[in-house]
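Report on the following structure.
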Amino acid sequence: MSQIKGFRDLIVFQKAYKIAMAIFEMTKSFPKEEKYSLTDQIRRSSRSVTSNIAEAWAKRIYIKSFVSKLSDSLGEEYETENWLDYSKDCEYIDKETHSTLMKGYDEVRKMLISMMNNPEKFCK
């Protein structure tokens with residue numbers, strides 16, 4: 001892992017960040033009545049995926065702490081999937097957009113689980 005100098009170099013972080021930015025742009029068109037509910041929640045949880053990856057990186061000197069923060073990231077990823085389902089079912093996004101974002105999160109989820117199962121590859 002010598003090429004990884006920081007959390008921003010992790011592919012999982014890059015993918016999750018890209019999705020969070022797509023969600024931010026997408027939610028600009030959500031109805032005003034959703035501002036303090038769905039819009040804020042999906043933005044917060046999608047950003048928390050990357051925030052927890054960053055925190056995990058800072059705690060990688062301790063394997064259990066590293067895995068715990070990745071677990072938090074995974075929880076936020078699942079929460080974001082839930083909000084995406086609401087966004088689709090409330091007809092704020094179309095099925096194609098939903099599918100694209102879910103495929104992206106499928107990759108992120110698999111990477112997080114792999115990191116949690118193999119923390120020694122990332123921890124000092």
Taking the range 17-35 and keeping residues within 14 Å of LYS88 (Cβ to Cβ), assigned to a helix (DSSP H, G or I) and touching a helix residue (DSSP H, G or I) at 6+ places or on another chain (Cβ under 6 Å) leaves ILE23, THR27
Scope the range 94-121; condition of a type outside the set (D, E, K, R) and without any contact (Cβ under 8 Å) to a residue 24 or more places away in the chain; matching residues | HIS98, SER99, THR100, MET102, SER114, ASN117, ASN118
Quick one: in the range 36-61, of everything that is aliphatic (A, V, I, L, M) and part of a helix (DSSP H, G or I), which residue is farthest from LYS124 (Cα to Cα)?
-> LEU38
Out of the range 74-96, which residues are over 24 Å from ARG8 (Cβ atoms) and either among the hydrophobic types (A, V, I, L, M, F, W, C) or at pLDDT below 95 (or both)?
-> TRP83, LEU84, CYS90, ILE93
Taking into account only those residues within the range 67-119 that are under 17 Å from ILE42 (Cα atoms) and among the aliphatic types (A, V, I, L, M), which is surrounded by the fewest Cβ atoms within 10 Å (Cβ to Cβ)?
-> MET102
Filtering the range 100-111 down to residues that are hydrophobic (A, V, I, L, M, F, W, C) and closer than 11 Å to ILE11 by Cβ yields VAL108, MET111
Which is over 13 Å from the mean Cα position of the chain (by Cα) and either farther than 30 Å from LYS32 by Cβ or modelled with pLDDT of 95 or more (or both), of SER71, SER114?
-> SER114
With (1) assigned to a helix (DSSP H, G or I); (2) more than 15 Å from the chain's Cα centre (by Cα); (3) of a type outside the set (Ser, Thr, Tyr); (4) crowded, with 20+ Cβ neighbours inside 10 Å as the list, and LYS64 as the residue in question, which single condition is left unmet?
-> (4)
Quick one: in the range 18-50, which of the residues that are among the hydroxyl-bearing types (Ser, Thr, Tyr) and either buried (at least 20 other Cβ atoms within 10 Å of the Cβ) or in contact (Cβ under 8 Å) with a residue 60 or more places away in the chain (or both) is nearest to GLY104 (Cα to Cα)?
-> SER46
All positions within the range 1-37 that are charged (D, E, K, R), closer than 13 Å to TRP57 by Cα and at pLDDT 95 or above | ARG8, ASP9
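The values are calculated or read from the model by the stated rules, or taken from the named source; none is laboratory data. The shown structure was predicted, so the numbers you read here are calculated from the model rather than taken from an experiment. Neighbour counts run over all protein chains shown; Cβ positions are idealised from the backbone, glycine included.
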